[in-house]
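> Next up is a structure, given as structure tokens.
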Amino acid sequence: MRVPLRWLKDYVDIELEPEQLADALTMSGTKVEGIDRVGSGLRRVTAGRAVSVTPHPKSDRLRIVILDIGPRQAPRRVVTAAGNVAEGCIVPVVLAGGSLVDGEVIGEVEFEGVRSEGMLLSAKELGVSEDNSGILLLPDSVKPGDDIVASLGLRDDVLELEITPNRPDCLCMVGVARELAAITRKELRMPARGCPESLQPARDLTKIVIEAPDLCFRYGARVIRHVRPGQSPIWMQARLSAAGIRPISAVVDVTNYVMLELNQPLHAFDYSRVAQHTIVVRRAQAGERLVTLDGSERELNTDMLLIGDAEKALAVAGVMGGLASEITENTDTVLLESACFAQQSVWRTSRTLRLRTEASSRFEKGLDPASVPPALDRAASLLSRMGAGEACSGIVDVYPSPEAPAVIETTDRWIERRLGAGLGADEIADCLTRLGFRVDTQGTPDGSAKIAVTVPSFRGDVREPIDLVEEVARIWGYNEVPATIPQGTDSGGYSDEYAFCEQVRQALAGAGGSEALTFPFMSETDFDMLGFAPDDPKREAIRVANPLVEEQSLMRTTMYPAMLAALKTNVNRRRRGVFLYEIGRTYAPTGAITAGIEPARGETPAVERPVLAGVMCGAGEGGTWYAPERQYDFYDAKGAIEGLCACLHIDGVTFSRAECPPFHPGRAAAIVWDGVRLGTVGQVHPLVAGSYQVPEATMLFEVDMALLMEAAQSPREYAPLPKYPAVERDVAMVLERDVASADVERTIRTAGGALVESVRLFDVYEGPQVGEGRRSLAFSITYQAADRTLTDAEVNQVHDAVRAALAQKLGAVLR
Amino acid sequence: MRDRVEALVERALSAIDSAESAEALEEARVRILGRKGELTALLRQMKQVDPDDRPAFGAMVNAARDRVQQELERRGQAMEARERARKLESDTIDVTMPGRIRPTGDLHPLTQGIREVTQIFVQMGFTVVEGPEIETDFYNFEALNTPPFHPARDVQDTFYINDFVLLRTQTSPMQVRQMEGQDPPVRVVVPGKVYRRDPMDATHSPVFHQIEGLLVDKDVTFADLAGTLTQFARTFYGKDRKVRFRPHYFPFTEPSAEMDVSCALCGGQGCRVCKYEGWIEILGSGMVHPNVLRAVGYDPDELTGFAFGMGVERIVMLKYGFDDVRLLYENDLRFLEQF
Ligand SMILES: [Zn+2]
């Protein structure tokens, strides 16, 4: 909210500099986000009387105005194109060398041979309003040479406040002034509300019926006769502009001015358009239509509150008036509405209609019913003082069930115990009283004080004792509260799951992977692009009802699209090698989501599984002076998983060929531990690579973190260190190409029995020397016994057995 | 005689000095000290010396031999050292060539930020847990004292799954789940993803990260909140940073406070980073609202507590001095490798 300081000073004395003032407000909870120095661009601006207005000798468009700019000043000659200046007019002028509100400097300029020593100004150029249609004509009370920048309030410091939603009372000048008065111990001056009234009572002229008292707590009206068309005074326009509201006409400006002053929206109906001069506050009928002030026809529903007359709808209550009852230049009599509507009703209506207005944004936060009559009085008073209307006597005020002020009972001890500061009953009472609460303190035998606090009607946010704690603390000063460290002996730590994630991250970073962070969304088209079958269970994704974009319309069931997107970013930016990983979540619906029913309390609505995913592509190691460049391939990705498992001490992980999307059918493996599939690693299918526009040699993996954690928790046992030397023997063989290396290793281990300590594949060859469809594998086998030194004869015997088994079981041709 | 001995020593030393190789040195040794060497020859002339002078002569010759011997050794060692140096010199490598690196990766800056923050709270006795991102309206709003039509909730800002389920807009629902799931005292810190329906731009992201904290026990006060969070700020941002609390509003805390730390860049004088305020907003906090305690079946007259929440992106961006949040989600390795 924008608060011009000159305006604020109407209600409270301010001795602080604007910066100090901003700080004081901020530290008591009304955050000042900035100070806008409006009108600071105006320089050498003064008032002048047009002594003569003559046509320009060479131009029909221009006129020459001789200005009297004060007793001790020489008259100035100004050339203007505006047509609304006549002899005797008082006009604003910027003298040559001065500048406009936007900072534009005006120099002496020659117009067709006539020098102009300044420039006459429009309302816009002065910052009064957006009106740029002609020169702003000043009232006769302004004298030539007057400092109009000061007297019209054109230059001001405007505080930009952030008002939190619990404090609608601060959405107005008086509310902010009240805060300021409380902080600085000054008196709050309420605006003048008195005005002469005509004898005719308003209640004879209009009738109000509230048919929906649950949605309209109070409705008041005044009747104003002989309203004057035209604009409001310049000072009012300038204040409204500074506060961010566009001046429109005298009556509308007054309603806006009172709204900004008292936070009570007002609406002006053309009295002659109100059938039978009767206001009916009711719910709309189904399908009822109304053309609102913005010219669009709105269809209303039965949840919406409207203001009608005896025949038709006039306005959407608290949101916007109707076009038909809008006041016009021809309006003579105005029915001024001041009401209090249920905040939820306005909130809902405004959102259903997608229509937010200054009024609706105030009503939906909850307003004070007590403001209804004062706002009407204040508007009548302003209109009367401006000569813009005559009030009929009295207010028609319907207030079906007035609420008694709330009283909150507590004790000084209770408040002190919450704060952790012993400030005493007097201090507590002082803070609250300054804010407009009534405080009754009563001593008790145990030395504490009972405190009964009557809450003013404008503080609907204060409901229970804890709310008083905040009020006291913020006036006393948050930073006056001592800083203590809470008692307690808990020792902290990370949950097992969190700690495990950290361990995995560390291991993968050590293996060369950089951690990515992606959005947990995906889209329906991803499933097709990944090549998932129509009945693939991963297609069962949770759908976001209101996504920002289609690509983010599903909660992901797989991390692959995110990994491929991250890869693509780096490939497009010409990165040579990419190894990214992420521990993210995938999401699957529960029964409650699928059925669209409310999940039971305590349950989580979705199945969220942490998943480790990774992508590798491009130049892996190498490209250095010591190693040639090598492209990442399947075995790098597999190695990353194996390395991770080694790091986590997960033994016995096996990899077996897997054919599943989004992988190349011959280049993917299931990662299995103890019969459980932990995940998949492989090269993407060429079609998937094409769809996601990444290179074909892209490796992906996904591992379920919960299963991996289970595997990592299998107990570790100490094995005694070997005491006797080991013997190494190699075996090389030629095999059919489709015999798996893992089968060879298994055969070696089976045949070699307990003496086989380890088996290492150290050479693979495919080519003309071994023939088509065959390959050569070479293993190094370490033999070792726990209880003795193996003799050559023993080793030979077992090694021969291994060789025989390889030849017999796998058809290996040994070399 | 003395002159002859001295002359011999003189000659011998110069021969040793000018020997440039092990061979030349050996030759010099044989020539002087060998069985047919000059010193031996000199000794043979002992008989011609006056018997009274013989002991003195003998001593003189022995001294000469020792002297020459010493010189030979010294020269030999020096030559060896030079030889060794020459050999090492020829083994020199180019130490400026790059070493063989085992490439390592980096943790995402947000992960690092979460780690740094949570570690401080772990030391203060908090336990780090995580919670569901797909939440119910009840946990995300209603149990947090934010009933339907509350001004603090706006459909515009929330991703919905259906009428009951949404993507959590804050990590605060874990306050409720945590209290429901355990008996007091509760001391938890909850990092995690949260969602707001804001299109991505330099300062908004539909997905971002928060760290929530909750402490509930008997007699926890606002002063405890101030003390705990001040200690956090001093540990995280440095002992010389000033801390202040400002009243604010959150539906689920009362009293509520935002915490600022003095701007490190300008020392509180005001600069672009702190929007010329001299202070930087770091976190929101407050005493757990009695309605929240009631919602989980805790008695607000028996138990009190405080909660806090901070945005990880903001913390990380301030720490490293960049102002476009999109960088954190592009996964450009050139960016990730900087942290
Ligand atoms: Zn700064």
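Taken together, the values in this text are just the output of simple stated rules run on the coordinates, not laboratory data. It should be emphasised that the depicted structure is a prediction, and the values quoted were computed from it without experimental measurement. Cβ placement follows ideal geometry from the backbone for every residue including glycine, while neighbour counts extend to all protein chains displayed.
> Give me A:His664, A:His226 ranked fewest to most by other Cβ atoms within 10 Å of their Cβ, as a rough exposure proxy.
By the 10 Å Cβ count, ascending: A:His226, A:His664.
> Also, quick follow-up: Taking the range A:206-298 as the region of interest, what is the percent of Cα-Cα pairs per 10 angstrom bin, listed from the shortest bin to the one with the maximum distance?
Percent of pairs per bin, in order: 13, 35, 37, 15, 1.
> To continue, here is another question. Based solely on its DSSP helices, what 222 nm [θ] is calculated for the protein assembly as shown when runs of n ≥ 4 H residues each add -39,500 (n - 2.57) and the sum is averaged over all residues, nearest 500 deg cm²/dmol? Walk me through the numbers on the way to the answer.
Working: 35 runs with 361 residues, N = 1154.
Mean residue ellipticity at 222 nm (helix-derived): -9500 deg cm²/dmol.
> Further question on the same structure: Report the dimensions of the range A:604-681 along its three principal axes from the alpha-carbon atoms, largest first, rounded to Å.
Computed over the Cα atoms, the extents are 53, 29, 27 Å.
> Give me the aspartates and glutamates in straight-line cross-link reach of B:Lys242: C-alpha distance below 15 Å, same-chain residues under 8 apart excluded.
A:Glu480, B:Glu258, B:Asp260, B:Glu277, B:Glu281
> Another question about this same structure. In vacuo Debye scattering of the protein assembly as shown, one point per C-alpha: log10 I(q)/I(0) at q = 0.08, 0.09 Å⁻¹?
Values, matching the q order: -1.04, -1.19.
> Continuing with this model, one more query. Just the number: Rg to Rh for the range B:183-223, Cα atoms, Kirkwood Rh, two decimals. Kindly include the intermediate steps, with their values, before the conclusion.
Details: Rg = 15.5 Å, Rh = 12.7 Å.
Taking Rh as the inverse mean 1/r over Cα pairs, Rg/Rh reads 1.22.
> Could you work out, for the range A:763-815, what percent of all Cα-Cα pairs fall into each 10 Å distance bin, beginning at 0 Å and stopping at the bin that holds the largest distance?
In whole percents, the pair-distance histogram is 20, 41, 26, 11, 2.
> Within straight cross-link reach of B:Lys47, meaning Cα distance under 17 Å, which aspartates and glutamates are found once same-chain residues fewer than 8 apart are removed?
B:Glu38
> Please list log₁₀ I(q)/I(0) at q = 0.16, 0.19, 0.24 Å⁻¹ for the range B:2-90, using the Debye equation with identical point scatterers on the alpha-carbon positions.
-0.65, -0.83, -1.14
> Just name one of A:Pro605, B:Gln112, B:Cys263: the one whose Cα is farthest towards the positive end of the charge dipole of the protein assembly as shown (beta-carbon charges, Lys/Arg +1, Asp/Glu -1).
B:Cys263
> Tell me, what is the FRET efficiency for A:Val407 and B:Gln119 to the nearest 0.05, using R0 = 35 angstrom and their Cβ-Cβ distance as r?
Working: r = 48 Å, r/R0 = 1.37.
Rounded to the nearest 0.05, the efficiency is 0.15.
> Using only the Cα atoms of the range B:109-336, build the gyration tensor, take square roots of its eigenvalues as a ≥ b ≥ c, and label the shape rounded, prolate or oblate: rounded if a/c is under 1.5, else prolate if a/b is larger than b/c, else oblate. Don't jump to the answer; show the numbers that get you there.
Working: a/c = 1.68, a/b = 1.20, b/c = 1.40.
In terms of gyration-tensor shape, oblate.
> Which ordering of B:Phe252, A:Phe701, B:Phe322 is given by a fewest-first count of other beta-carbon atoms within 10 Å?
Values: B:Phe252 23, A:Phe701 26, B:Phe322 14.
With the fewest neighbours first, B:Phe252, A:Phe701, B:Phe322 line up as B:Phe322, B:Phe252, A:Phe701.
> Where does each of A:Arg774, A:Arg474, A:Arg630, A:Arg574 land when they are ranked from fewest to most other beta-carbon atoms within 10 angstrom? All intermediate terms of the calculation are to be shown ahead of the outcome.
Working: A:Arg774 17, A:Arg474 25, A:Arg630 13, A:Arg574 6.
Going from sparsest to densest Cβ surroundings: A:Arg574, A:Arg630, A:Arg774, A:Arg474.
> Among DSSP beta bridges lying fully in the protein assembly as shown, give the percent that are antiparallel, nearest 5. Please report the intermediate quantities before stating the final value.
Numbers: 180 of 193 bridges.
So the antiparallel bridges in the protein assembly as shown amount to around 95 percent.
> Mark the label point 7 Å from the Cα of A:Trp625 along Cα→Cβ and return the residues of the range B:93-114 whose backbone N is within less than 15 Å of it.
B:93-101
> Over 28 Å between Cα atoms: which of A:Lys568/B:Lys193; B:Lys36/B:Lys87; A:Lys58/A:Lys143; B:Lys193/B:Lys239; A:Lys31/A:Lys450 fall into that group? List each step's numbers first, then the result.
Details: A:Lys568/B:Lys193 24 Å; B:Lys36/B:Lys87 36 Å; A:Lys58/A:Lys143 32 Å; B:Lys193/B:Lys239 30 Å; A:Lys31/A:Lys450 33 Å.
Beyond 28 Å: B:Lys36/B:Lys87; A:Lys58/A:Lys143; B:Lys193/B:Lys239; A:Lys31/A:Lys450.
> Considering the alpha-carbon set of the range A:103-177 alone, what are its Rg and its Dmax in angstrom?
Using the Cα atoms of the range A:103-177, the pair Rg, Dmax is 18.6, 63 Å.
> Give a residue-ordered list of calculated ³J(HN,Hα) values for the range A:115-123 (Karplus: 6.51 cos²θ - 1.76 cosθ + 1.60, θ = phi - 60°; whole Hz; x for Gly, Pro).
Values, residue by residue: 6, 10, 8, x, 8, 6, 10, 8, 4 Hz.
> From a point 7 Å beyond the Cα of A:Cys660 in the direction of its Cβ, which residues of the range A:684-709 have a backbone N at a distance under 18 Å?
The answer is A:684-686, A:688, A:699-709.
> Let me ask something else. For helix B:109-123, what angle does its Cα long axis make with the longest principal axis of chain B, in degrees from 0 to 90 and rounded to 10?
It works out to around 80 degrees.
> Residues of A:411-422, mean number of Cβ from any other protein chain within 10 Å of their own Cβ, rounded to a whole number? All intermediate terms of the calculation are to be shown ahead of the outcome.
Values: counts 0, 0, 0, 1, 0, 1, 3, 9, 7, 10, 4, 0.
Rounded to a whole number, the mean comes out at 3.
> Additional query: Taking 0.36 nm per intervening residue step and subtracting the Cα-Cα distance, what contour gain separates A:Asp426 from A:Lys809 on full extension? Could the numbers behind the result be given before it?
On the way: separation 383, 0.36 × 383 = 137.88 nm, distance 9.64 nm.
Between A:Asp426 and A:Lys809, full extension yields 128.2 nm more.
> Local charge sum around A:Arg474 (other residues, Cβ-Cβ under 10 Å, Lys/Arg +1, Asp/Glu -1)?
On the way: positive: B:Arg246; negative: A:Glu179, A:Glu470, A:Glu471.
Residues close to A:Arg474 contribute a combined charge of -2.
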